1. Among Ser422, Gly362, Gly394, whose Cα lies farthest out toward the positive end of the dipole of the stretch 347-445, if unit charges sit on the beta carbon of Lys, Arg (+1) and Asp, Glu (-1)?
2. Pop out the Kirkwood hydrodynamic radius of the stretch 220-368 from its pairwise C-alpha distances, inverse of mean 1/r, in Å to one decimal.
3. Output the peptides 593-602, 49-58 sorted from most to least packed, where packing is the average of other Cβ atoms within 10 Å over each peptide's residues.
4. What do the square roots of 5 times the Cα gyration tensor eigenvalues come to for the stretch 428-644, in whole Å, largest first, as semi-axes of the equivalent ellipsoid?
5. I want the local charge near Asp286. Using Cβ-Cβ distances under 13 Å, sum +1 for each Lys or Arg and -1 for each Asp or Glu among the other residues.
6. Counting Lys +1, Arg +1, Asp -1, Glu -1, what net charge surrounds Ser397 among other residues with beta carbon under 11 Å of its beta carbon?
7. Compute the signed sum of charges (Lys and Arg +1, Asp and Glu -1) over the other residues within less than 9 Å, Cβ to Cβ, of Ala450.
8. Give the dimensionless ratio obtained when the Cα radius of gyration of the stretch 284-404 is divided by 2.2 N^0.38 Å.
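Just so it is clear, none of the values below were taken in a lab; they were calculated from the coordinates. Owing to the predicted nature of the structure, the values given are computational and were not obtained by experimental measurement. Cβ atoms come from the backbone with ideal geometry, glycine included; neighbour counts cover every protein chain shown.
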Amino acid sequence: MPSPETTPSDLLTRTYSGLDPLAAKLAELDARLVDACASPNPSIVAKAQQLRRKIRDFEPSVTMIGQVKAGKTTLVNAMTGWNDMLPADVNPWTSVVTSLHMQPGPRRSTAHASFRFFTEEEWSHLVTRGGRMGELAGRAGADDELDKVRAQLEAMREKSRDRLGRRFEMLLGQSHDYENFDAALIERYVCMGDDFWEEAGGDRDKGRFADITRTADLWLRQPELPVRLCLRDTPGVNDTFMIREQITINALRGSRLCVMVLAASQALTSVDLALVRMISNVKSRDVIIFVNRIDELSDPGREVPEIRESIRETLRKHDGPTDAEIIFGCGYWASEAMAGGVDSLGRDSAEALLSWARATFGTQSPFDTVEEMVWNLSGMEALGSAIATRIEAGAGSQILQEIAVEIGNLDQSVTASDAMASAIATGGKTLCRLSEADLTDALDSIEQAARSRFLHGLAPLRHGLMERIETSRQTFVNRATAALLKHLEAYGELEVWSYDPCGLRVLLRSSFQRYVRSASRHGSDCLNRAAADLNALYEQAFALDSARPTLEPPPVPTPEPPVVLGQTIALDLRSTWWSRFWRRRKGYQSCADDFAHLIRQETQPILDTLVTDHAQGFEASLHHALSEFLATNRSILLDIARTHGVHADPSGVQAEATQPNVPGADPAPSAPVRPVRPVRPSPATSSRAVSGPQDSLEVTT
């Protein structure tokens, strides 16, 4: 066990201490919301409670990617403080993303677990068409390659049937949920190497559901964490069927921060270039590269600078995130420090540790205990600090800004509501100039104008995106075809030709980023206009003077990175498959025509996803921000009117009501402003008309 001076809890606290300022800021905002929850306005209370839940549910995520045997899982185990939680010594067949949801709690314990299986549609796509590899081979007419993929899939399916029997089809699309879990339970769902079942001594329970498990979610209580944190351990991407690649792409879409794990002894191999393609579409500030297993280097102090420069050069060459932070360390050292057994390090690993210590600290360690020193040398503190910095600048900054704006608007509404209540209590007259029906009409017009403005403005932006991505694809095809013809003229048809598709990805990414900038500006303009219209309505509806609210629009959402552009396409393959495809072509024109056709077929699904999932997904998030802003302030305004809008003046005459000059006076034709409905006196009351336009309001006494 660790020495009394340094416990595993101490090590984790050091690692995640960078999240303390963010936790303090969230707690401060939460405390401000407590006052809003005491408001007599039910809509203000409801919004304040919603924001408090949003703070409690805030869970930034970190996606760990890397090829098989890069040491991701050992690293994740050390980062959670549960050394033996996830199986790290097998080469999994399955495409399982394992999400560890770490939650602050009074004590360290496991909570619950959920394992979701592939749907019938997903499994059918894998088996009948061989996944992405089968699709690609089928489009290119590589029947022999497709047959090989199908044979492998058939073998996997038979093993699954052998383990699950008749339950096999019934389980597809289902999930298994548990109130608590341990390592043995996890092995049943995510752990299946080529011969894992046999190596496990014939234990049919181990790896039982592994082939059909799609995702695993595990909840852990971690008292050392100041805020929630989700670590996603993804499968390696070197997969015959490329389905792991698709699973990893989906995991990256749902995460603002990515840690790419490389093995020091083989940093950035050809397999890792598939990972570079993925992270090249993520902003450099959202990527951390962790070079693991430096204990396998003979002299880390000398070799690390060389490896660092080699990685930088490869990233530059392949259009990767050249400014990404690179951290060197060793998950094995971290595990040993966590377990307090640093004396059990092997000789080679211990010598590498000493070499790295001399290069890092010189001859004098700045730490009080061996465990602290080894933990630091393992790279865990540097990784934790880098994660905290990026969370605070990314997802943390976003939620702080969103909550702060919402609280500011609530404070404004509370002040207005209190001012009206005070005026009524002291003067006995209402400060509301509009009836509830008139106010509803005005709000309808603002909402209709805002929605119409938003949708009409998006149409040309999306049209421009589709034109640009089609132009980008055609530009690439033209350039590549010209290079192909030049190759044919120089070498004929016998020598295999290849072409780097990096240029296509750069063009498509540039087109998408241009669209995001335009859509963000448009969304911001629409939100600002809606806020201005609501502020004008406050001024017209209520005689508040200095207490009149000045609402601020919410910040524009952050789009997901277009990681689909990192998906493998035919030109990325440098294998016998591409050679066979090439040698089937006869004649210059056949080569050129078939190549152009293949690229169009291969890129169309990518372009479709770029438009439907990424572009339209971003549009949906913008629309949601606008809709929520309008809905929240509609409820608050109407509640203020209902609460303070009908009170008798002591003089016997109510405050004068005027016809609303509805803000947002230039809505699109599809959103006309409805006329104000006059208020009719009941038979039991007398009435007198207020001077003004023909359809001016009547007020009763």
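1. Gly362
2. Computed over the stretch 220-368, the radius equals 17.2 Å.
3. 593-602, 49-58
4. 58, 13, 12
5. +1
6. +1
7. On the way: positive: Arg451, Arg453, Arg529; negative: Glu447, Asp533.
Every neighbour counted, the sum reads +1.
8. 1.22
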